[in-house]
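Have a look at the structure below, then the notes.
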């Protein structure tokens, strides 16, 4: 039986290792970033401490060595270099292997990593010249906190002639707001009467309460040009540690801490047992502005503590994916039962039952949407993994590549996301190996030495569009054509669109590479990508311009669990077409068929649209009606119609697997259960469209 605590540690450790990898790759680009140093150290420290707690002693001991080095890094005693990052990434991979249980034969490698990391420390110290010696770390009170937001009280009384120097207190406050959450309280007791006021003088003082993780030095920099001529005091009033409650100091305590009130006078007033603020003002011990400022500070810190507690209470919980999948299955069954209830209510035409059915339908829809949203994850969770892939692969192939990601917040069903990782890895590897040139070649072609690889994601209706774009050499159309002719897939004098020509590279066994490398050249990869994308009910399209680069566009459904479909019939059989692919429905008469002279084409407002008679495709017996329906679909700029007897209308479809016996049936991607218990088959539109294109091409070449 599995230890639930150890399993929980492993889940957390995998997340920390993913964060560690991202932080190391970013630190390589920003070696002076103290926040990144802190993130790396904290990830290692947490893995070590938790590992030792739950019995992962080998992981704890190994991680301790790496953590020690990064403790020196964040204290300014060791520099961040490419070699240190390489070794740290190798250590991260070893920790991952230990977590996964892949321990045999790795002990020597771990020893080599630790030895190499330890050797870096004296080497770096020896390389430093006297004028380049590492400066000692600043005093703790001036260091920016890498992980805690500290709250400061800033008392600022500028000189009366601050305006004459060109400074503006409001501009200073705006700079403070850029550092964090800020509240400003003005003291106006020093403003004289209108007859005595000098419009060029400043009579106001301010108390500022600032919560920031930038440290005291950043605050001092804001006041650097006015500090010498002003009264300026800064004090920590909340250290950012977890609050035990929302309580904060009483009003009298705050005034004493500030120096506005003598403790003895406070005791006298407290003995009277009345509102302390009013008594202090009546006794002329403090003025109204000072009391209001103290109350503002008290309220500010209390709200700060309350926000922290609410954030902790609203934290996420871990749920095994199997439980989530089961919940989605149950919601799918509920949607089916709800459809049956709605149909029964409609058949009986009972007003009370109809009202109940409508309410259940609304609740079921809300539940379905919420459950599906729980399964949605930002695509950035896999985008971040590719930084390491691009770094390692570009180094292996001698390329210089920058990876740019756009739309990382775009959400996609977790099931789709998990199965999308491998296809994207293939596309990235091909872009770097086949697309982006060597730095010297790029310079000769008036390009930057560094190639650019862009991963972009966006929503488009009920689909997610993912683009993999590089600025490399592009595809060689003539080489692709020559290879297709050589393989007998294309007639020498055939004219086909560029899009169809580029599609040949996604055919099994097709490769124009002259050499077989560790990365590519064996004629496998792109066909695997195409099959994987189609298995997700998606499509893939390639566009390229020679010398400028290639764009590979992948379109995927948001979810594989429930889709909006168009319900159609042929004889007594029901079929569902994904609504996202449907553009319109038109009628097809016998006269329209006769005008086509035996060709499966229809004239739709002057445009010729090929169509697939589903009755013949699926060998359904019976005679078609006098007027049939064409459901026109569009994918990858191709329009193809499907001939059916009748169009019933939109249908919310819960997708069911057909089972292993039927999983190779062409043109069918799944099934659903209608409200009356009838099974409707879900059409695989991309596969049917592809088969139509191939058959048309074969007929033309013959």
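A short reminder: the numbers here are calculations on the coordinates, not readings from a lab. Bear in mind the structure is a predicted one, so any value in this text is a computation, not a measurement. Glycine gets a Cβ as well: all are built from the backbone with ideal geometry, and neighbour counts include every protein chain shown.
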- [ ] Provide the packing ranking of 203-210, 503-510, i.e. peptides ordered by the mean count of other C-beta atoms within 10 Å per residue, highest first.
- [x] 203-210, 503-510
Open item on the list: Quick check: residue separation of residue 33 and residue 164 times 0.36 nm, minus the Cα distance between them. What number comes out in nm?
Closed with: 43.3 nm
Open item on the list: Rounded, prolate or oblate for the range 12-102? Axes are the square roots of the Cα gyration tensor eigenvalues, ordered a ≥ b ≥ c, and the cut-off for rounded is a/c under 1.5.
Closed with: prolate
Task: Gain in span if fully extended, residue 618 to residue 109, counting 0.36 nm per residue against the direct Cα distance - done: 177.3 nm
Task: Between the range 414-437 and the range 445-481, the Cα center-to-center distance that results, in Å - done: 12 Å
Task: Spin-label model distance (nm) - residue 57 vs residue 217, 7 Å beyond Cα toward Cβ - done: 4.2 nm
- [ ] Treat each spin label as a single point 7 Å out from the Cα along the C-beta direction, and report the residue 584 to residue 195 distance in nm.
- [x] 8.4 nm
- [ ] First measure r as the distance between the Cβ atoms of residue 287 and residue 553, then evaluate 1/(1 + (r/R0)^6) with R0 = 41 Å and state the FRET efficiency to the nearest 0.05.
- [x] 0.05
TODO: Return the distance in nm (one decimal) between the two label points of a simple spin-label model at residue 372 and residue 648, each offset 7 Å from Cα along Cα→Cβ.
DONE: 1.9 nm
Task: Net length gained if the chain between residue 257 and residue 118 were fully extended (0.36 nm per residue, minus Cα distance) - done: 45.2 nm
Open item on the list: Quick check on packing: order 464-472, 293-301, 588-596 by the mean number of other C-beta atoms within 10 Å, highest mean leading.
Closed with: 464-472, 293-301, 588-596
Open item on the list: Using Cα-Cα distances under 8 Å and only pairs 6 or more residues apart, what relative contact order does the range 333-453 have, in percent?
Closed with: 25 percent
TODO: Compute the FRET efficiency between residue 679 and residue 599 as 1/(1 + (r/R0)^6), taking r as their Cβ-Cβ distance and R0 = 56 Å, and round to the nearest 0.05.
DONE: 0.95
Task: Nearest-0.05 FRET efficiency for residue 307 and residue 203, computed from C-beta distance (R0 25 Å) - done: 0.15
Task: Percent RCO, i.e. relative contact order, over the range 378-557, from Cα pairs under 8 Å lying at least 6 residues apart - done: 23 percent
- [ ] Order the peptides 479-485, 639-645, 615-621 from the highest to the lowest mean number of other Cβ atoms within 10 Å of their residues.
- [x] 639-645, 479-485, 615-621
